[in-house]
Amino acid sequence: MTTTAEPTRTEHAVVGQRIPRIEGRKKVTGQSVYAADVSLPGMLYAKLLHAPHAHARIKGIDTSRARMLEGVESVVTASDLPQFEARRRSNRAYVLLASDEVVFAGQPVAAVVATSSAIADEALDLIAVEYEELPVVLDPVAAMDPGAPLARQPIEEIDRSEARGHATVDVREEEGAGKPTNVASQVRFTRGDVAQGFAEADAVVEDTWRTPFMHQGYIEPHATVAGFDPVSGELTLYTGTQGQFFVRDQISNMLRIPETKLRVVGMELGGGFGGKVFLTQALASVLSFIAKRPVKLVYTRTEEMTSATPSGGCVAEVKLGMKRDGTITALDARLIYDTGAFPGASAVVGAILLGGYYRFPNLDIRSYEVLTNKVSVGAIRAPAAHNATFAIESALDEACRRLGLDPVETRLKNAVAEGDEMPTQQKYPRIGLVETLQAARESAAWREREAWKTAAPPGTKRGVGLAIGGWLGGLQPASAVVELNGDGTINVVVGANDITGTNTAFAQIAAEELAVDVSEVSVVTGDTRTAPFAGMSAGSKTLFTVGRAVKEAAEDARRQIIAVARERLGATEEDELELSGGEVRIKGQPDKALSYRRLGGITTGFGAAYAPIIGRGSITARRQAPGFAAHVAAVEIDDATGEVTLRRWTTAQDVGFAVNPLNVEGQLQGGSAQGIGSGLWEEMVFDVQGHLRNPSLLDYRMPTAADLPDIETILVETPSEDGPYGARGVGEPSIVPGAAAVANAVRDALGVRVNDAPITPERVLRALGRI
């Protein structure tokens, strides 16, 4: 069941309407073309050899037997690759293959390029690598100890360019550059007098919460086809990425290729969730340079698990004080983000959100990014947010229970609103956190909780929990083009990769502004050579930024249409004209009209009297539009086994304005499913040697449709100041409160709290003291 709380849309004809995704039919019928589907003449296939150790020195690599195998074109090691500056090699993007030191199990150490994938796989077994194993560092808390072994050589400089595409924050971390430490970076936020705040509290909750590494779970693995033309010196990449312009800029900078010689084609994307921005593209490019032929590099599912960029884990130590009337008095916290072997965790964002949901008069938050010998991390929906939210929402819920307070009313009493300060001292713009809490409070899952719990079947216990979460959002400039075709239809050209149905929303925006049916609008995502610039499709900013550019371009096209129509129809004033049904006409005189088809003819035909109508929109985004969600979870727990079954779920989220409610609801449901997964099942498990023990979907448990109840969605609309029609980004907030809502529901059912996610039967029984 899905319900939508939204105003009656009498003011808009197209935006705000429920329209199926325009690319949906191709996807469900298998017609969409992904990067792995690309085949070029003379193409070769690349496979990677991965290190079996989590930390080791490479003593030598013998590739002679592999090179002799028929069909092998080249065997490449780090010595064959471009040598980047030492400071650059502190970052995963610049370590294409390990050279002298392996820092996580699964790190690529060699590549084979052959005439078939099978031959390349066979050649991998013929490569001999001599390793000297080194101490392995896996516990991020222990890694912070000054006497702990180093997980890797000291970092020199951290590249945050990809992270800024997900969340734009004006905070500079203190980095451990050049120091013998596993602490890659740290940040601290303080306010007021924390000791005094705790002295005023009637209840103090102090505990530690842990969240594990979690994979994004996209369907399509990383894939790139690189085609270098030795005659022209041009490089073309066909790749699955959330940011084709970012890939272009990275490759240009890394390999010193002028952007005029570089073309990146962002292919259809089988999901990304923040983890599919930049990984295989540079290595595939270099392999194509060496072979002087196209090279395809596609990860296997196991490689995705062991060697890509999953979401990192976190240890959150939180102390929270609260008065008997529900007023929060103080927050003291230490967040320890496990970033794996390379910097990449969003420790700053986690700290901001930990102290950013409520008005804390006194706070002290320290957040650390700690290196370990695990696979290096990347972004997942709302990177770092779900980790911090699991802790703060569990602590607040526990304080309410100790004082006998209503968890919703207490949150409403303390929730931030427009003008309140974040831990950074930056003030919130217009936000809808309070409104989402109010909507969740009115949901059936919350109102009926006591009666539902009382009706628990024999041998089970039921509980209902609530949690909130949010996301600040990313910012990047964007541009778009809207054209009137010769037949009167509309073309929209953008450079943003469509992952979540944004092209459908762009079509609706153009149709709204030009008063045509959405079927008359075609949206094209061009490549980096043909499309106007757009930032990453990440950070819940694509509609917020590119949507604005599309709206401006459509408005520009509208002005040009009216200018031509005024002259052709003899209108003296612009406001005499109106656009409706694919034509321009004089108000009140339907016989005096000019159709778009006729307009197309007189602006594109031979000897046309008027210039082509091409609207252009370019924007820069300087203000964020944070989005918030409130989740209600209803669980049933088996007394004997400790198994938790989710029975009801409600997601209320402030979306600003739902350009396409059908698509927005899908985003909320998908994000909620991932949040539920983080709360109940998803966990990357490493052994004491640093090997991933569940590197396949047989062992890494993700929720399926059979695991989930109907997810009720409530769309709350508190318009943002800058988004098109007031829209906010919706992809990120929906994952954030998931694990916390599950944990609070389990606490409600059992009377004991489980502090480690996911909440497995074993952890439930352990919390109950049965094992």
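The values are calculated or read from the model by the stated rules, or taken from the named source; none is laboratory data. This one's a predicted model, so the numbers in the text were calculated from it and none came from an experiment. When the accessible area is computed, the model is the full protein with side chains, heavy atoms only, and any ligands, DNA or RNA have been set aside. Shrake-Rupley method; radii C 1.70, N 1.55, O 1.52, S 1.80 Å.
Values computed for the structure shown
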| quantity | calculated |
| --- | --- |
| Spatially proximal lysines relative to Lys453 (Cα-Cα < 16 Å; intrachain offsets below 8 disregarded) | Lys461 |
| Normalised contact order of segment 43-131, rounded percent, pairs of Cα under 8 Å and 6 or more residues apart | 53 percent |
| Accessible surface, the chain, averaged per residue in Å² (probe 1.4 Å) | 37 Å² |
| J(HN,Hα) series, segment 402-415, from Karplus relation 6.51 cos²θ - 1.76 cosθ + 1.60, nearest Hz, glycine and proline x | 5, 9, x, 9, 5, x, 6, 5, 5, 5, 4, 5, 10, 5 |
| Surface share of carbon and sulfur [accessible, 1.4 angstrom probe, percent] for segment 83-230 | 47 percent |
| Built amide H within the under 5 Å cut-off of Glu101, gap 5+ | Ile58 |
| Relative contact order computed over segment 312-415 (Cα-Cα under 8 Å; 6+ residues apart), in percent | 33 percent |
| Helical mean residue ellipticity (222 nm; -39500 (n - 2.57) per DSSP H run of 4+; nearest 500) of the chain | -8000 deg cm²/dmol |
| Greater than 21 Å apart at Cα, pairs in Lys323/Lys427; Lys374/Lys541; Lys276/Lys296; Lys261/Lys551 | Lys323/Lys427; Lys374/Lys541; Lys261/Lys551 |
| Accessible area of segment 607-763 belonging to carbon and sulfur atoms, whole % at 1.4 Å probe | 49 percent |
| Answer label, with mean projected area of the Cα convex hull in nm² calculated from the coordinates and candidates [x] 35.6; [y] 39.1; [z] 43.7 | [x] |
| Relative contact order (%) - criterion: Cα under 8 Å, at least six apart; region: the chain | 16 percent |
| Reach of Lys292 by Cα under 13 Å, taken over aspartates and glutamates that are not fewer than 8 positions away in the same chain | Glu73, Asp229, Glu234 |
| Of all accessible heavy-atom area on segment 405-489, the percent that carbon and sulfur account for (1.4 Å) | 46 percent |
